[in-house]
Amino acid sequence: MRLVSIPPPSGPQPPHDPRDFGGPYPGLPPQGAHPPQQFPYGGQQGLAPYGLYGPYGPRPPAAVNGVAVAALVFGVLCFLPAVGLVLGLVALWQIRRRGERGRGMAIAGAALSSLGLALWTVSLATGFAADVWEAVEDGARGNSVLTLRKGDCFDSPGGLEGWAADADPVPCAGEHDGEVFAVVTVPDGAFPGEDDLSATADDRCYDLRDAYVMDGWALPAEVDVYYLLPSRESWRFGDREITCVFGNRDAQQTLTGSLRRDETTLDAHQLAYLEAADVLNDALDRAPEAEYVEDDLPGHKEWAAEMAAALAEQTRLLREHRWPADAQRPVRELTADLDEAEEEWAKAAASGDVDTYYEHYDRGWDLVDPDGSVTARKALGLATAPPVYDEEAERDTDSGGMQV
C-alpha cells in the first residue's frame with residue numbers, strides 16, 4: 001500500500017506543541033514513535049465523549065436536516081400526504097449532498113406519506129370520503145351552515161348573498177336573517193357547476209315552498225326565497241345538499257317570527273280547509289300560456305274543464321269534513337258559491353265561441369274571488385289578508401343563491 005502524504009492545510013497552523021517529537025510537521029511524532037494517548041474530559045479508549053474528534057480536538061455532530069423532520073411530521077399526521085412524500089425525497093437529496101443527519105426520518109416520512117396517499121386514493125374510489133364528510137357534518141356544532149335543517153332560523157354575518165360559511169342559530173320568534181324551509185339532496189357524481197345547481201335549487205325550492213307554508217296568505221309580501229349551494233370545495237368531500245331559505249327581499253333586512261304553516265303548527269280543521277283550497281290552486285296554476293282566449297280557445301276550454309273538476313273536488317272535501325260550530329255557516333256559504341262557480345266554468349268549457357266563453361268565464365272568476373273566503377278563514381283562525389300580486393316578487397334566478 002502506497003502511503004501518500006497530505007500537505008498541511010493552508011492558512012494559520014496550530015501553535016507549536018511542547019510535546020513536539022521532532023517530526024516533519026510540528027505536533028506530529030516521527031515515524032515509528034508512539035506518543036501516549038490522551039482522552040480529554042475523562043474519556044477512555046473506544047469512547048468519543050461529546051461527539052466526534054478531528055485533528056484539532058472535538059467537533060460537534062452533523063446537523064439534523066429540517067426538511068426530514070417536516071416530512072416525518074406530515075407522514076405521522078397523515079394530512080396532505082403528497083406534501084409529506086415530496087418533503088421526504090427532498091430531504092434525502094439534501095442529506096446526501098450536505099452530509100446531514102435525519103436519513104431515517106426522511107425515509108419514514110416518505111413511506112408514511114406514500115401509505116396515506118394510497119389510502120386517500122382508495123377512499124375516494126370507494127366513497128369513504130363521503131362517509132367522512134357526513135361524520136364531520138354530523139359532528140359539527142355551533143355556527144356552520146352545514147348543520148342547518150328544516151325549521152331552523154339563523155343569522156349570517158354577511159347577510160343572505162354571496163359566500164357563506166357561518167350561520168348562528170337563533171330562535172325563530174325573534175329577528176333573524178333566514179329560515180330554512182327545505183333541504184334538497186342532489187345526485188352524486190362530478191360537480192355539476194354553479195349554474196346547474198342554481199337551476200335545480202330554483203325549481204325544487206319553489207316547489208317545496210308551499211309544503212312548508214301551506215297557507216299562502218300567511219306569507220308576507222317582503223319574503224323571498226334564497227338557497228345555499230355546495231361549493232366546488234365542499235362537493236369534493238361529499239356535500240350534496242341545497243338548503244332552501246326564506247329571507248327578506250332586501251338581503252340586508254331581517255324577518256321576525258316563524259313562517260312555518262304545516263302539519264306541525266296547524267290544527268286538523270285548518271289543514272282540512274287548506275288541503276281543499278289547494279285543489280283549486282293547482283288548477284289555477286295550470287292556466288294556458290296564451291293570455292287571450294282569442295289566441296287559444298281550445299286551450300282555454302280545456303283549462304275551464306279542469307277548473308270545473310277542481311271545484312267539484314274542493315266542495316266535496318269541504319262537505320265531508322266536520323267543522324267546528326263557529327265555522328260551519330261560513331264554510332257552508334263558501335261551498336254554495338263554489339257550486340255556482342263550478343257550473344259557470346263547465347259552461348265555459350262547453351262554449352262554442354270566444355264571446356260565450358268570456359261570458360261564463362267572468363261569472364266563474366267572480367265566484368272564486370279570494371274575498372269570498374275571508375269569513376271562513378277568520379272562523380278557522382287562518383290569515384285573512386289575500387296576497388297581493390307583485391311582479392317584483394317573481395322568481396329571480398340570478399340573485400337568490402349562496403355558496404357554502
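Of note:
- Positive end of the dipole of the range 240-376 (Cβ unit charges, origin at the Cα centre): among A336, V293, L255, the Cα lying farthest that way belongs to L255.
- Highest to lowest packing among 153-161, 320-328, 368-376, scored as the average C-beta count within 10 Å: 153-161, 368-376, 320-328
- Each Lys and Arg contributes +1 and each Asp and Glu -1, all at the Cβ; summed about the Cα centre of the range 308-391, the dipole is approximately 700 debye.
- Taking amide hydrogens as placed 1.01 Å from N in the peptide plane, the amide H of D155 sits under 5 Å from those of D168, V170, D177, each at least 5 positions away in sequence or on another chain.
- In this structure the amide hydrogen of F181, modeled in the peptide plane, comes within under 5 Å of the amide hydrogens of G151, C244, V245, F246, none closer than 5 places in sequence on its chain.
- In order along the range 366-374, phi translates into HN-Hα couplings of 4, 6, 9, 4, x, 4, x, 9, 4 Hz, rounded to whole numbers, per the Karplus curve 6.51 cos²θ - 1.76 cosθ + 1.60 with θ = phi - 60° and x for Gly and Pro.
- Using θ = phi - 60° in the Karplus curve 6.51 cos²θ - 1.76 cosθ + 1.60, the 3J(HN,Hα) couplings for the range 259-268 round to 9, 5, 9, 9, 5, 7, 10, 9, 8, 5 Hz; x is entered for Gly and Pro.
- Whole-Hz Karplus values for the range 148-157 come out as 5, 9, 3, x, 7, 10, 7, 10, 10, x Hz, taken residue by residue from phi with 6.51 cos²θ - 1.76 cosθ + 1.60 and θ = phi - 60°; glycine and proline positions read x.
- As a ratio to 2.2 N^0.38 Å, the alpha-carbon radius of gyration for the range 141-261 is 1.01.
- With Rh defined as the Kirkwood radius, the inverse of the mean 1/r over Cα pairs, the Rg/Rh of the range 268-386 is 1.01.
- The length gained on full extension between A312 and T256, counted as 0.36 nm times the residue separation minus their Cα-Cα distance, comes to 16.3 nm.
Here, each number is a calculation from the coordinates, and none is a lab measurement. These numbers come from a predicted model, not from an experiment. Positions of Cβ are backbone-derived with ideal geometry, glycine not excepted, and every protein chain shown enters the neighbour counts.
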